[in-house]
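Below: the structure, in C-alpha cells.
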Amino acid sequence: MNKPTLTLGLSALLLTLNISCSTVQKDSSAVKPLYTSDPVQFDSDDPAIWVNPSDPAQSLVIGTDKDENGGLYVYDLKGKAIKEKTVKGLKRPNNVDIAYGLLLGGKKVDIAVATERMTHQLRIFSLPDMKPIDNGGIPVFEGEEKEMHRDLMGIALYTTPKGEIYAIVGRKTGPADGYLWQYLLEDDGTGKLKASLKRKFGKYSGKKEIESIAVDNELGYIYYSDEQFGVRKYYADPAKGNEELALFAKTGFKEDNEGISIYKTSPTTGYILVSDQAANHFQVFNREGKSGPHDHVLLTSIPVSTNNSDGSDIYSGPLNGDFKHGLFVAMSDDKTFQFYRWEDLAGKQLSINK
C-alpha cells in the first residue's frame, strides 16, 4: 500500500527539482567575472575599492559580511582574502565606502567607513592597515525613536574640492522627506574623529527601503535607490540645498532597483550602473545626461553572473594587467564578490578608458 505513495512522492520531488533547476538557469549571454572572491562567513552585501596611490596593483577591495557577528573582509585584486586585515566582530555591518586624505592628528589618512546596523554607529578604519580610528564607533540618527529609524543601511562618502569629507547615511526606514542624514567627518581638535550633522534631506516613496547610495565627487551629485520606485538625485554639497534634481530608473526593473556605481570616461562623462537585482542585470544610464545634466536615459542592460546583486563599486582607471580599463565589483548571494573587467561589461556598446 505504501509503494504507490512513495513512487508518487518521488515523481513529484523529481518534477519539483526539474522545475527549480529550470527556474535558476543562467542567461547564456551573461557576462562572467574574471575572479570570484573567497567567500565571507555569513552574508556578503557591499564592496568598496581602495586604490593604492603608490602602486595601483596593490589595491584592495573591502566587502561587508552582514551578520550580528559579521565583519569586513579585505581582498587583493584576485579576490583572495587577506586574513590579517579582515575585521571581525562587527554588529551587522551593512554597507561600506572609502575616502582619501582625511586630516586627522595633523596627518592625512585614507578611510573605510561601514554602517553597523545593530549599534546605530559608523565604524571607521584607516587604510590600508584596517585599524579602527573611531574610538569604538560614532553614533548617528541620534534622537530618532521610531522603529528601525536608526537601523543603519547605506553609506556613501563625498569629498569636496577643498578636501572635506562627508558621510551620507541611510537607514532601514524613515520619513517621507529627510530620510538621509549628512555628516562632516573631521578632527575634534585633539586628533580624534567626530561626525557633525550638517543636513537631513532626501525623499522616500515608502514602497520598500533606501540602501544603495552613490556619490559623483567630480560633478558633485548624490544618487540613491528608492527601491521599487526609482533612483533619486541631489546635490552633494549641503550649501546647494535639498532640491531633488532628477528621478529616473523608474521602469523596467523586475523588482528592486539596488546597487549604484559610476564609471567615468572623463571628468564629466560616463555611465551610472543600477542593479536590477532580481533579473541579474545592471541597467546602464548616461552620467552626463542627454538633453540636460539631469536627464539620465537608459542606454543598455547588461546580464551578469552575479545572483541577486545588491552592492557594487567601480574604479574607472587601470590597476594591473588584469584590469587595464577599470574594475567592477559586485556582490553575489553565494557569500562572494565578483570581479569584472570593465571592457567585458562594456562590450561594443559602451566606451572604455584607454
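Structure summary
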| item | result |
| --- | --- |
| Unique residue being in a strand (DSSP E or B), of a type in the set (Gly, Ala, Ser) and under 20 Å from Ala330 (Cα atoms) when the list is Gly89, Gly63, Gly79, Gly101 | Gly63 |
| Positions within segment 316-341 being over 15 Å from Val274 (Cα atoms) and under 18 Å from the mean Cα position of the chain (by Cα), in sequence order | Ser316, Gly326, Leu327, Asp333, Asp334, Lys335, Thr336, Phe337, Gln338, Phe339, Tyr340, Arg341 |
| The one condition in (1) on the phi < 0 side of the Ramachandran plot; (2) free of Cβ contacts under 8 Å to residues at least 24 places away in the same chain; (3) in contact with a strand residue (DSSP E or B) (Cβ under 9 Å, 6 or more places away or on another chain) that Gln121 fails to fulfil | (2) |
| Any hit, segment 185-203, residues being of a type in the set (Ser, Thr, Tyr) and free of Cβ contacts under 8 Å to residues at least 60 places away in the same chain | yes |
| Every residue from segment 313-330 that is open to solvent by 10 Å² or more (accessible area, probe 1.4 Å) and in a strand (DSSP E or B) | Asp313, Ile314, Tyr315 |
| Matching residues, segment 171-195, being aliphatic (A, V, I, L, M) and farther than 23 Å from Leu102 by Cβ | Ala176 |
| Strands (runs of 3 or more DSSP E) fully within segment 176-240 counting 1 or more residues that are closer than 22 Å to Phe285 by Cα | 193-203, 210-216, 221-226, 230-235 |
| Hey, Glu227 charged (D, E, K, R) and open to solvent by less than 10 Å² (accessible area, probe 1.4 Å) or not | yes |
| Top-ranked residue of segment 290-312 - restricted to ones that are polar (S, T, N, Q) and not in a loop (DSSP other than H, G, I, E, B), ranked as nearest to Lys254 (Cα to Cα) | Ser301 |
| Selection from segment 159-175 of residues that are open to solvent by 10 Å² or more (accessible area, probe 1.4 Å) and either among the basic types (Lys, Arg) or assigned to a strand (DSSP E or B) (or both) | Thr159, Lys162, Tyr166, Lys172 |
| Among (1) open to solvent by 20 Å² or more (accessible area, probe 1.4 Å); (2) modelled with pLDDT of 95 or more, the one test that Tyr183 misses | (1) |
| Residue tally, condition of a type in the set (Lys, Arg) and open to solvent by 70 Å² or more (accessible area, probe 1.4 Å), over segment 93-145 | 3 |
| Residue in segment 280-289 that is part of a loop (DSSP other than H, G, I, E, B) and touching a strand residue (DSSP E or B) at 6+ places or on another chain (Cβ under 7 Å) present | yes |
| Residue that is farthest from Tyr75 (Cα to Cα), among those in segment 124-142 that are in contact with a strand residue (DSSP E or B) (Cβ under 7 Å, 6 or more places away or on another chain) and charged (D, E, K, R) | Asp134 |
| Criterion (modelled with pLDDT of 95 or more, open to solvent by less than 60 Å² (accessible area, probe 1.4 Å) and among the hydrophobic types (A, V, I, L, M, F, W, C)) met by exactly one of Leu193, Leu197 | Leu193 |
| Test: Arg341 is of a type outside the set (A, V, I, L, M, F, W, C) and closer than 27 Å to Lys200 by Cα | no |
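The values are calculated or read from the model by the stated rules, or taken from the named source; none is laboratory data. No experiment lies behind these values; they were computed from the predicted model shown. FYI the Cβ positions are ideal-geometry reconstructions off the backbone, even for glycines, and counts take in every protein chain you see. Surface accessibility is based on the protein's heavy atoms, side chains included, excluding ligands, DNA and RNA. Shrake-Rupley method; radii C 1.70, N 1.55, O 1.52, S 1.80 Å.
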